[in-house]
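Notes for the one structure printed next.
The values are calculated or read from the model by the stated rules, or taken from the named source; none is laboratory data. What you see is a predicted model; the values in this text were computed from it and never measured. Every residue, glycine as well, gets a Cβ built from its backbone with ideal geometry; the counts of neighbours run over all protein chains shown. To get the accessible areas, we keep the full protein, side chains included, count just its heavy atoms, and leave off ligands, DNA and RNA. Shrake-Rupley method; radii C 1.70, N 1.55, O 1.52, S 1.80 Å.
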Amino acid sequence: MFLSVTTTHRPATDLGYLLRKNPARMHETELSFGRALTVYPEASEDRCTAALVLDVDPIGLVRGKGDAGGLMDQYVNDRPYAASSFLSVAMGRAWREAIAGQSKDRQALADAAIPLAASVTPLPARGGADLVRDLFVPLGYEVTVEPIALDPVRTDWGDSPYVALTLKATTRLSALLTHLYVLIPVLDDRKHYFVGDDELQKLMAKGDGWLEDHPLKELIVNRYLKHRRSLVQDALAQLAGDEGEAETALDAAPKDTAEATIETPLRLHDLRLDTVAQRLKDLGAKRILDLGCGEAKLIRRLVQEKQFEEIVGVEVSSVSLARADERLKRLPELQRARITLLHGALIYRDQRLRGYDAAALVEVIEHVEPDRLDHLERAVFGDARPDAVIVTTPNADYNALFPTLPAGRFRHADHRFEWTRAEFEAWCARIGEDYGYRWTTEPLGPVDDAHGAPSQMAVFQR
Ligand code: SAH
């Protein structure tokens with residue numbers, strides 16, 4: 001099995017610094033299940049390719065001497081030939097610094113997006129070529145998947161379950177390698193080693209910055225963690241970030257196969273964000289404030305829509321703001337240019353926020369101390385005074401339905417209150433009255449007859 005990485009960033013031979021392997025030589029890395037060779041089939045100023053060639057000892061595997069333990073019970077299997085978790089382990093060993101994005105001699109280059117192409121072959125594609133595309137396209141790659149015939153001579157035998165994959169993008173080498181590191185075993189779906197808590201931690205570390213927003217994150221997590229239910233639930237809760245714990249436990253419950261996870265409903269937070277984006281669109285708003293924007297999840301949705309000409313995110317936490325900025329950097333220049341991030345607290349009046357068409361407060365008000373909430377109301381509805389304001393907040397009536405949430409507890413440690421539907425209605429009525437907005441409310445998420453939906457939303461208009 002074979003993985004190659006090519007760059008045309010000049011001088012291309014600097015790839016050797018990123019991999020810490022001199023292009024003039026061949027490099028061997030010993031592994032418990034065989035060895036990995038790093039070789040450079042081409043190395044010029046204009047173009048340099050490094051290949052990782054894996055030489056797995058099949059007999060050693062079967063005898064249980066390598067990392068594979070006794071899992072390989074036949075002498076004849078595809079493990080020595082197909083790109084799999086073995087290739088990830090080999091990459092992790094042979095190209096460790098490059099995956100981590102560290103370079104002793106060329107750190108600026110390691111941090112830079114450079115033109116890169118990667119090929120992996122043969123790659124087992126359980127789920128088919130479409131799944132390969134669905135995994136890599138959302139990460140910004142130009143993807144080519146070529147089926148590999150079962151037998152090159154007997155083409156009438158059809159295609160094998162393997163493909164040759166090529167990815168192209170202008171990105172950081174560490175991002176490319178990290179995506180491959182996680183997604184090759186996901187496509188193979190047959191990890192060769194036992195999966196435990198360390199793998200969960202590894203997935204969280206390697207998935208940082210991309211996995212939480214990947215449309216197939218549930219499939220990725222399920223397959224990566226070998227469908228181990230408790231690990232999968234932990235992983236999804238961690239990826240959902242601060243808001244997700246109780247909710248994820250709820251909607252992760254009925255899953256056991258990876259394929260089934262694709263068809264399960266969207267996570268609640270995605271649903272909220274999609275609904276808010278749609279309402280903003282329906283309102284005809286062009287200039288938008290995202291108040292308490294967190295890591296810019298809503299902004300990243302809004303910017304895909306041309307109607308939203310100017311989007312301003314306001315956030316009090318500098319950590320969240322830095323993460324938002326980091327994510328937005330990856331957008332195309334023209335999209336990024338429509339976004340401004342502001343560091344600010346919503347309980348203070350802020351002239352910069354005046355004159356917008358609409359503002360969104362998605363799961364923000366419940367983070368504000370009840371005795372400070374009137375300051376936020378005055379600053380947003382009284383002073384910034386956008387034409388429309390959309391507010392979402394948890395529905396406390398629904399908490400009884402979260403199996404992991406003890407009675408009387410909030411969904412998140414940082415929530416200062418959670419309102420019942422009646423309390424939210426009363427608040428909306430008072431805001432409408434005090435600040436001159438008409439308003440409607442609606443449930444957000446699947447509605448339970450007795451307890452309503454998990455979240456609630458109000459749309460205020462002047
Ligand atoms: N709206 C985002 C984040 C929700 S979490 C989303 O839907 O993904 C709530 C966010 O509100 C946190 O990022 C928190 O830092 C921010 N926040 C809480 N109080 C704030 C205040 N007074 N001013 C600005 N942001 C605040």
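Since H415 meets every condition but one in (1) outside any helix (DSSP H, G or I); (2) open to solvent by 30 Å² or more (accessible area, probe 1.4 Å); (3) farther than 23 Å from R349 by Cβ, which condition does it not meet?
(2)
Of the residues Y398, Y435, which single one is at pLDDT 95 or above, over 17 Å from V362 (Cα atoms) and crowded, with 16+ Cβ neighbours inside 10 Å?
Result of the check over Y398, Y435: Y435.
Give G344, G382, G408 a once-over and let me know the one that is touching a helix residue (DSSP H, G or I) at 6+ places or on another chain (Cβ under 9 Å) and either of a type in the set (S, T, Y) or open to solvent by 60 Å² or more (accessible area, probe 1.4 Å) (or both).
Going through G344, G382, G408 in turn, the sole match is G408.
Of all the residues that make up the range 205-222, how many are assigned to a helix (DSSP H, G or I) and open to solvent by 30 Å² or more (accessible area, probe 1.4 Å)?
Matching residues across the range 205-222 total 3.
Identify, please: which residue in the range 22-36 is in contact with a strand residue (DSSP E or B) (Cβ under 8 Å, 6 or more places away or on another chain) and open to solvent by 30 Å² or more (accessible area, probe 1.4 Å) and is, among those, farthest from I99 (Cα to Cα)?
My answer is A24.
So which residues in the range 2-13 are open to solvent by 20 Å² or more (accessible area, probe 1.4 Å) and not in a strand (DSSP E or B)?
Matches in the range 2-13: T8, H9, R10, P11, T13.
Per-residue answers, yes or no, for (1) closer than 26 Å to R287 by Cβ; (2) outside any strand (DSSP E or B); (3) outside the structural domain of R279 (by TED's automatic domain parsing); (4) hydroxyl-bearing (S, T, Y):
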{"residue": "F381", "(1), (2), (3), (4)": "yes, yes, no, no"}
{"residue": "V391", "(1), (2), (3), (4)": "yes, no, no, no"}
{"residue": "N399", "(1), (2), (3), (4)": "no, yes, no, no"}
{"residue": "D434", "(1), (2), (3), (4)": "yes, yes, no, no"}
{"residue": "T440", "(1), (2), (3), (4)": "yes, no, no, yes"}
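Listed here are the residues, each with its yes/no results for (1) of a type in the set (D, E); (2) open to solvent by 10 Å² or more (accessible area, probe 1.4 Å); (3) under 20 Å from the mean Cα position of the chain (by Cα).
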| site | (1), (2), (3) |
| --- | --- |
| L273 | no, no, yes |
| K281 | no, yes, no |
| A285 | no, no, no |
| L291 | no, no, no |
| K297 | no, yes, yes |
| V303 | no, no, yes |
| V319 | no, yes, yes |
| L331 | no, yes, yes |
